[in-house]
Amino acid sequence: MREGLGLYGRLEGIVPDIEKAAALMIGCLRAGGKVMFAGNGGSAADAQHMAAEFVNRFRKERAPLAGLALTTDTSVLTSISNDYSFEEIFAKQVVALGRKGDVFVGISTSGNSPNIVKAVQAAREAGISSVGLMGKGGALKDLVDCSICVPSSSTPRVQEAHLLIEHILCELVEDAAGGSI
């Protein structure tokens, strides 16, 4: 319990990173782009959660926002992993569905998920900005345009903090959407 509560007090240090990520998403949406989300396991659920908050609503009635979870199409996921490798499942979707000016958000508790790393590399090559949500770091930290690193290496604590950060991002984006993005 104390570990979790103590972690929340240390999150203040990443507020500028959260604000930078929100600004990337807001700029993308204002320009008519989309935000793509991906992760594995619990982070896949977070990706779907974020996309749902964008497309439907977070707290306010507003027009839908272009958010897409790359974790949901089982035919795409299984065909790519079968024909190529599991490491390619998000990169191929970023290439197929992303456009210059979009934003890719990779969620990885460790910051080392190979399929998220490959997706960030594909995004960079396509002119797509990237945001990484992770624990203390990992390979993603230096690859993404904006890294949000939860100062913990405890998987449950990082996942709990990710939900808080994801909701803050939704709120910041939604507040901007009130002004018609």
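No lab work stands behind these numbers, since they all come straight from the coordinates. Computed from a prediction, not measured in an experiment: that's the story for all the values here. Note: ideal-geometry Cβ built from the backbone for every residue, glycine included; neighbour counts use all protein chains shown.
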Amide H partners (placed H, <5 Å) of Ser130, local residues excluded: Phe104, Asp145, Cys146
Cα-centre dipole for the chain with unit charges at Cβ (Lys and Arg positive, Asp and Glu negative), debye to 20: 180
The stretch 109-181: C-alpha pair distances exceeding 20 Å, %: 38
Charge context of Gly32, other residues only, Cβ under 12 angstrom, K/R +1, D/E -1: +3
Rounded to whole Hz, the Karplus (6.51, -1.76, 1.60) HN-Hα couplings of the stretch 136-146, x for glycine and proline: 4, x, x, 4, 4, 3, 8, 9, 7, 6, 9
Net charge contributed by nearby residues that have their C-beta within less than 14 Å of Ala47 (K/R +1, D/E -1): -3
Protection-proxy order for peptides 55-63, 27-35, each taking the mean of Cβ atoms within 10 Å per residue, highest first: 27-35, 55-63
Computed over the stretch 2-177, the ratio Rg/Rh where both radii use C-alpha atoms and Rh is Kirkwood: 0.95
Scaled radius of gyration (Cα, divided by 2.2 N^0.38 Å) that the stretch 27-70 gives: 1.16
Semi-axis lengths, Å, the stretch 1-90, gyration tensor of Cα atoms, sqrt of 5 times eigenvalues: 27, 21, 13
Rounded to whole Hz, the Karplus (6.51, -1.76, 1.60) HN-Hα couplings of the stretch 73-80, x for glycine and proline: 8, 4, 5, 5, 4, 6, 5, 5
Vicinal HN-Hα couplings computed from phi for the stretch 91-99 (Karplus, 6.51 cos²θ - 1.76 cosθ + 1.60; Hz; Gly/Pro x): 4, 4, 5, 4, 5, 6, 9, x, 9
Reach of Lys141 by Cα under 23 Å, taken over lysines that are not fewer than 8 positions away in the same chain: Lys20, Lys34, Lys92, Lys100, Lys118
